[in-house]
Amino acid sequence: MQRSAMRELAFKLVYEIEVQKQASDDQFEIFIENNEITDEKVMEYLKDIKKGINSNAEEINKLIESNLKENWSLNRISKINLSLIKLAIYEMIYKKLPYKVAINEVVELAKKYADESAPVFINGILASVVKEKNLNGEMNEN
């Protein structure tokens, strides 16, 4: 399975977690079964995304909030957009995926799954995160 297809599944998993407000093992198993995922590599990737976003949720949420415009909060962001932003942040910061790849992938997913303003919104938030975390060059140690 191509990395883009795996990332799309990861987005769907993160979205499901956002909607249900929990990241249980049962929920993960149901997701795997419903999507008929049998490839071990894909399952490991999805487990990593679920665990990584969940265990770093506080920092990821703070990072999103600190890069929102005034009068915006996390609960004002659609679940689809929030899921895409969290996925990209996790992959850029914790998995060290090049920021251009992470942003491009989630912007393409936004074009497919979100409203027409989502790609610009998501790109703006993630560009701010890249600047804040200095992902253009050396990563700042926080």
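In the set Tyr113, Tyr99, Tyr90, Tyr45, which member is on the phi < 0 side of the Ramachandran plot and in contact with a Phe, Trp or Tyr (Cβ under 8 Å, 6 or more places away or on another chain)? The match here is Tyr113. Out of all the residues in region 105-119, is one or more assigned to a helix (DSSP H, G or I), charged (D, E, K, R) and closer than 18 Å to Glu16 by Cα? Yes, some residue in region 105-119 is assigned to a helix (DSSP H, G or I), charged (D, E, K, R) and closer than 18 Å to Glu16 by Cα. Of the listed requirements (1) part of a helix (DSSP H, G or I); (2) within 15 Å of the chain's Cα centre (by Cα); (3) over 19 Å from Leu9 (Cα atoms); (4) not small (Gly, Ala, Ser), Lys96 misses just one: (1).
Matching residues to (1) within 19 Å of Val129 (Cα to Cα); (2) more than 12 Å from the chain's Cα centre (by Cα):
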position	(1), (2)
Arg3	no, yes
Asp25	no, yes
Leu46	no, no
Asn56	yes, no
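Of all the residues in region 54-81, those that are touching an Asp or Glu at 6+ places or on another chain (Cβ under 9 Å), part of a loop (DSSP other than H, G, I, E, B) and closer than 29 Å to Asp25 by Cα number 2. Can you confirm whether region 76-85 contains a residue that is without any contact (Cβ under 8 Å) to a residue 60 or more places away in the chain, crowded, with 16+ Cβ neighbours inside 10 Å and basic (Lys, Arg)? For region 76-85, residues without any contact (Cβ under 8 Å) to a residue 60 or more places away in the chain, crowded, with 16+ Cβ neighbours inside 10 Å and basic (Lys, Arg): absent. Taking first residues from region 41-57 that are more than 14 Å from Tyr94 (Cα to Cα) and partners that are part of a helix (DSSP H, G or I) and at pLDDT 95 or above, the Cβ contacts under 7 Å between residues at least 6 apart in sequence or on separate chains come to Val42/Met6; Val42/Leu9; Met43/Ile32; Leu46/Leu9; Leu46/Ala10; Leu46/Leu13.
The values are calculated or read from the model by the stated rules, or taken from the named source; none is laboratory data. Computed from a prediction, not measured in an experiment: that's the story for all the values here. FYI the Cβ positions are ideal-geometry reconstructions off the backbone, even for glycines, and counts take in every protein chain you see.
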